[in-house]
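Remarks on the structure that follows.
The values are calculated or read from the model by the stated rules, or taken from the named source; none is laboratory data. Keep in mind it's a predicted model, so treat the numbers as computed, not measured. With ideal geometry, Cβ positions are generated from the backbone for all residues, glycine too; neighbour counts draw on all protein chains shown. Calculation scope for accessible area: heavy atoms of the full protein, side chains included, ligands and nucleic acids excluded. Shrake-Rupley method; radii C 1.70, N 1.55, O 1.52, S 1.80 Å.
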Amino acid sequence: MKYQWIILALALVAGLFTRYMMDSNDPDIAREPYYPMNFLESGTQVIDLFDQEDPRIRLVYFGYTQCPDVCPTSLAVLSAALKAIPQQQRDKLWPIFISLDPTRDTANITAQYAAYFDATITGATGTEQQIKALADTYSVLYIKNTLDNSEIKYVIDHNSYFYFLKPSGELIKKLPHMASPSQLIATIPIITAEINN
C-alpha cells in the first residue's frame with residue numbers, strides 16, 4: 001500500500017510537470033511580456049525613464065486617471081508649481097505622471113490625462129509587472145479595491161508623493177501630497193541647482 005501511494009505521488013508530479021512544459025510552449029496562452037521597468041509608453045511613444053543622456057531631474061507622481069480626488073489635486077499642484085518657476089528651472093525638470101492602473105489607463109489615455117493639467121507633464125503607463133517593479137523600487141503603496149454596483153468597478157488606493165529622481169533612477173527626495181504648490185516651488189530650485197546650465 002505504501003508503494004502505491006509513492007507511485008501515485010510520482011505520477012501526479014510527472015503529470016503536473018508535463019502540463020507546465022506543454023503550457024509554457026503553448027502560444028495560445030496569454031502571457032504578459034517582460035519589459036524593463038524604465039521603458040514605459042506615453043501616447044504613441046516609448047520613453048526611457050532612466051535615460052542618462054537626458055540630464056533632467058525626473059519629477060514623478062504615481063496615480064491613475066479615474067482617481068476621484070487626490071490625483072487631480074496633486075497634478076493641479078504640480079501644474080501650478082511648473083507655471084510659477086522660471087523657465088530655466090522648468091528646463092531642468094521632466095514631470096511625469098505614471099499610472100498605477102495599466103489595465104484601464106492605456107498609453108493614450110494616460111498621456112491625454114496628464115497633458116490636461118500641463119502640456120509638459122508626460123503621462124506614462126506600462127505592464128502590470130513594470131508598474132509593480134517601479135512601485136516597489138520607490139515604496140509606492142497601492143491596492144485595488146473592488147466597488148460593488150459601481151460603473152468604475154474598482155478604485156486604486158495609493159499613497160501620494162512627488163518623487164525627485166536622478167536620470168539613473170536614484171531617489172533624491174520625495175514630498176507628500178499637498179494642497180498648495182508652495183513646497184514644490186521652494187524645493188525645485190534647490191534640486192535643479194545641481195544640474196549644469
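Values as computed for the structure displayed
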item	result
Residue selected from region 149-160 under the condition in contact (Cβ under 8 Å) with a residue 12 or more places away in the chain and in contact with a strand residue (DSSP E or B) (Cβ under 8 Å, 6 or more places away or on another chain), by the criterion most open to solvent (accessible area, probe 1.4 Å)	Asp157
Residue within region 31-39 that is open to solvent by less than 10 Å² (accessible area, probe 1.4 Å) and modelled with pLDDT of 95 or more present	no
Test: residue in region 118-141 that is at pLDDT 95 or above, open to solvent by 70 Å² or more (accessible area, probe 1.4 Å) and touching a strand residue (DSSP E or B) at 6+ places or on another chain (Cβ under 7 Å)	yes
Residue that is most open to solvent (accessible area, probe 1.4 Å) [pool: residues in region 56-79 that are touching a strand residue (DSSP E or B) at 6+ places or on another chain (Cβ under 6 Å) and not in a helix (DSSP H, G or I)]	Arg56
Cβ pairs under 7 Å, 6+ apart, first in region 161-188 and closer than 17 Å to Lys83 by Cα and open to solvent by less than 10 Å² (accessible area, probe 1.4 Å), second of a type in the set (S, T, N, Q) and assigned to a helix (DSSP H, G or I)	Ile188/Gln89
Checklist (1) in contact (Cβ under 8 Å) with a residue 12 or more places away in the chain; (2) in contact with a Phe, Trp or Tyr (Cβ under 8 Å, 6 or more places away or on another chain) applied to Gln52, failing item	(2)
Residues within region 133-148 that are in contact with a Phe, Trp or Tyr (Cβ under 7 Å, 6 or more places away or on another chain), without any contact (Cβ under 8 Å) to a residue 24 or more places away in the chain and closer than 14 Å to Val60 by Cβ, tallied	0
Single condition Leu82 does not satisfy, out of (1) within 14 Å of Tyr64 (Cα to Cα); (2) surrounded by 22 or more Cβ atoms within 10 Å (Cβ to Cβ); (3) not small (Gly, Ala, Ser)	(1)
